[in-house]
Structures are given as C-alpha cells and as structure tokens.
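What follows is a short report on a single structure.
The values are calculated or read from the model by the stated rules, or taken from the named source; none is laboratory data. Please read all numbers here as calculations on a predicted model, not as lab measurements. Methodologically, a virtual Cβ is constructed for each residue, glycine included, from the backbone with ideal geometry; neighbour enumeration extends over all protein chains shown. Note: areas computed on protein heavy atoms with side chains; ligands, DNA, RNA excluded. Shrake-Rupley method; radii C 1.70, N 1.55, O 1.52, S 1.80 Å.
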Amino acid sequence: DNQGFELRCANGAQKFEILIDEATTGSASLSSSAKNSNQWYHVCAVMDRSSTVSLYVDGAADGTPVSITGQADSLTHATVAKIGQNFSTTEMRGYVCNVGYWNRVLTQAEVKSIWYKNYADLTTSEKTNLVSWWNLSADANDSHGSNNGTLS
C-alpha cells in the first residue's frame, strides 16, 4: 500500500527527498537543493510528529520544512521505512552508513554533532532516546537496539 517513510534520492534529480505517505491523508514530501554526484553527504530528516518534517544536509537546514499534520498520525515504529530506495524499484546509486533513529526531535546542534560519528563516538546525551543505530559496514544489525534490518 506504499504507506510509510522514505529517505531517498529524488527520481531523475540530484536531490535528497523525504516522503511520508499515509493511507487516508495522502503524502507529504520535501526535497533538498541540487547536490553533486560522487560525493558523501550527511543527510538527516527530523520529524516533529505534531507539525513538520525538516531536512538537514551536512548539518545545515536544506529546503523549507513541510507540514505533516495528518500524514504522521498513523506512523509507528513498525511502519515501513525505506532508506535509499522508494517503494517501487528505483534505487539510489551509492552507499549508506551510520543510520540512526531517535524517538525525539534532534536540534540542529545535535545534527551537526553526530555528522561524522559512528555509534562508539556518540555521547551519552546523543544516545538519549536513540532507538536504533545501523553501521551498515557489513550487515544491517542494530548496534543499539534489536531492530535488525535487511541490506539489499
């Protein structure tokens, strides 16, 4: 039913995109500015479930926050989340590492602070409300919780 959350490269564009799709209220999306190919980027989506989703690229806000009132209402920790691929077969051509999931809103200062860190480098306060962390160097095992994923 394509319901869930995607963080991906926009189809046909060199932009990062967040898509939140909810069955009854429709979808909301936010795209970054154009990016260069063959370059590493730190991409962070921050969702305030009561109002907006924001996108940060390399620690800086990128794009105008988008209202998600309604779309985020039915999303739960069990909702399908895709990173690097949309719900069809379009895949990002690149690598993904150090994926974290918090059940709180990160500040811009926190986004900047975690930019170059792996799990072992996170401070105690940065681990506050951290649900899962996937290094993705060899597998999709969760370094923090028990939400192992699938690499494909």
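Points to keep in mind about this one:
- Enumeration of residues in the stretch 108-138 that are open to solvent by 70 Å² or more (accessible area, probe 1.4 Å) and free of Cβ contacts under 8 Å to residues at least 24 places away in the same chain: A109, A120, D121, T124, S125, A138
- Against the test of being exposed (fewer than 15 other Cβ atoms within 10 Å of the Cβ) and under 27 Å from Q14 (Cα atoms), the options Y101, Y95 yield a single qualifying residue, Y95.
- Among the residues listed as V53, V57, V80, the single one being closer than 14 Å to L7 by Cβ and at pLDDT 90 or above: V57
- Taken over the stretch 20-41, the criterion of being more than 15 Å from A10 (Cβ to Cβ) and either exposed (fewer than 14 other Cβ atoms within 10 Å of the Cβ) or at pLDDT 90 or above (or both) is satisfied by A23, T24, G26, N38, Q39, W40.
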